[in-house]
Amino acid sequence: MDTEFNKWLVEKNLLKKIKNNPDLENELFNTFQRVYFFKDIDTSVEWFTHNYDFAQKQYPEFYNIMVEAAKNLTPIELAISIDKIPSFIPDWLIEAKKALPIQRKKRLEQIKELLILLIQTGVNTTTEIIKAAYENNKVSINEGLAIIEKELQNTNSSFVITGFQSTLTPLQIETLFEQLKDSYIDKNTNPDYFKAIFKNEPLPDSFKPIKRLKPFTVVLCAYFISELFQKENPNDYWSIAENCFDKTKANILKNSLRNAYEYNPYRKPKGYKEIDTILKNIYTPLQ
């Protein structure tokens, strides 16, 4: 799928636009998927299970993909998909277990929602072929749902969303907040929420991700996070960032910065100098 997407971008002369502006990637993929992703739902569902990370990067909600896909299916296509879903559940579970806690929880929730959707469809449908497919697979689907729910309970019991490990002092954090506010992050950002992301402790129950403003593009946010948090959070700073800043996904952050390093003539994203100045000021505050 990644290869097909790139081919499509080349055909439409769009590849350079993504390299220069990674924020367009989701929008372009939305167009592409209608041409490719739903043309063969039987193959698409199987592809999705084995390329979960790439698909999730473009479509965070697995549930929404399947709902939209279902609207475009004939009864026999939906019946075939229902027949195949039970065989995918073990692979989904294996892939979910490989993920870090944040992603694991999301994947399990998405699988759960899909299985509930299948059950609701099978119970409520009046189409005989769909009803028959569900009846033939309902035991496996319900068993799969029970396994996923149990795994989700185990994940939830040990799952805690935290901020970053950071050695910045309260004064440095306050200086950084003032430098970012109303230029890169929303001026109404709760200062306590901002401070919370600099502690490797559970985020407040009422915590809301920091809202980025337009100048704080995905790639520039990724650069900021990498410069500020990578050293002290080498293994999981992208997944932590996903919970601390709005409209960000770990894979998109990582890939956008990689593309900037690869294709930008300065080997850094547009706007990096301003971010460098802000970060310099928190260590040597302006008088």
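The values are calculated or read from the model by the stated rules, or taken from the named source; none is laboratory data. These figures come from a predicted structure and were not determined experimentally. For neighbour counting, all protein chains shown are included, and Cβ atoms are generated from backbone atoms with ideal geometry for every residue, glycine included.
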Output for the range 196-214, where each listed residue is aliphatic (A, V, I, L, M) and crowded, with 16+ Cβ neighbours inside 10 Å: Ala196, Ile197, Leu203, Ile210
Candidate set from the range 232-259 (those that are in contact with a Pro (Cβ under 8 Å, 6 or more places away or on another chain) and over 28 Å from Asn6 (Cβ atoms)); member that is surrounded by the most Cβ atoms within 10 Å (Cβ to Cβ): Cys244
Those residues of the range 153-177 which are surrounded by 13 or more Cβ atoms within 10 Å (Cβ to Cβ) and more than 20 Å from Tyr237 (Cβ to Cβ), in sequence order: Thr155, Asn156, Glu174, Thr175
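Name the residue, out of Asn188, Asn200, that is touching a strand residue (DSSP E or B) at 6+ places or on another chain (Cβ under 6 Å), within 30 Å of Phe224 (Cα to Cα) and either assigned to a helix (DSSP H, G or I) or modelled with pLDDT of 90 or more (or both).
Working: Asn188 fails: touching a strand residue (DSSP E or B) at 6+ places or on another chain (Cβ under 6 Å).
Step by step, each of Asn188, Asn200 is checked, and only Asn200 is touching a strand residue (DSSP E or B) at 6+ places or on another chain (Cβ under 6 Å), within 30 Å of Phe224 (Cα to Cα) and either assigned to a helix (DSSP H, G or I) or modelled with pLDDT of 90 or more (or both).
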Where Tyr193 falls short, out of the listed (1) assigned to a loop (DSSP other than H, G, I, E, B); (2) surrounded by 11 or more Cβ atoms within 10 Å (Cβ to Cβ); (3) in contact with a strand residue (DSSP E or B) (Cβ under 9 Å, 6 or more places away or on another chain): (1)
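From the list Leu171, Leu253, Leu176, Leu279, which residue is touching a strand residue (DSSP E or B) at 6+ places or on another chain (Cβ under 9 Å) and assigned to a helix (DSSP H, G or I)? It would help to see each step written out before you state the result.
On the way: Leu171 fails: touching a strand residue (DSSP E or B) at 6+ places or on another chain (Cβ under 9 Å); Leu176 fails: touching a strand residue (DSSP E or B) at 6+ places or on another chain (Cβ under 9 Å); Leu279 fails: touching a strand residue (DSSP E or B) at 6+ places or on another chain (Cβ under 9 Å).
When all the criteria are applied, what remains is Leu253.
I'm checking my understanding of the structure. Among residues of the range 74-88 that are of a type in the set (S, T, N, Q) and under 28 Å from the mean Cα position of the chain (by Cα), which one is surrounded by the most Cβ atoms within 10 Å (Cβ to Cβ)?
Kept after step one, since they are of a type in the set (S, T, N, Q), are these residues of the range 74-88: 74, 81, 87.
Narrowing the set further to residues that are under 28 Å from the mean Cα position of the chain (by Cα) leaves 81, 87.
Values: Ser81: 21, Ser87: 12.
The residue in question is Ser81.
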Qualifying residue in the range 215-231 (condition: surrounded by fewer than 23 Cβ atoms within 10 Å (Cβ to Cβ) and more than 19 Å from Tyr272 (Cα to Cα)): no
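Residues are listed down the side, and each one gets a yes or a no for (1) in contact with a helix residue (DSSP H, G or I) (Cβ under 6 Å, 6 or more places away or on another chain); (2) farther than 30 Å from Lys84 by Cα; (3) among the hydrophobic types (A, V, I, L, M, F, W, C):
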position: Asn154; (1), (2), (3): no, no, no
position: Gly163; (1), (2), (3): yes, yes, no
position: Ser166; (1), (2), (3): no, yes, no
position: Gln172; (1), (2), (3): yes, yes, no
position: Leu180; (1), (2), (3): no, yes, yes
position: Asp186; (1), (2), (3): no, yes, no
position: Lys195; (1), (2), (3): yes, yes, no
position: Phe229; (1), (2), (3): yes, yes, yes
position: Glu232; (1), (2), (3): no, yes, no
The range 234-277: number of residues that are more than 19 Å from the chain's Cα centre (by Cα), at pLDDT below 85 and within 21 Å of Thr189 (Cα to Cα): 0
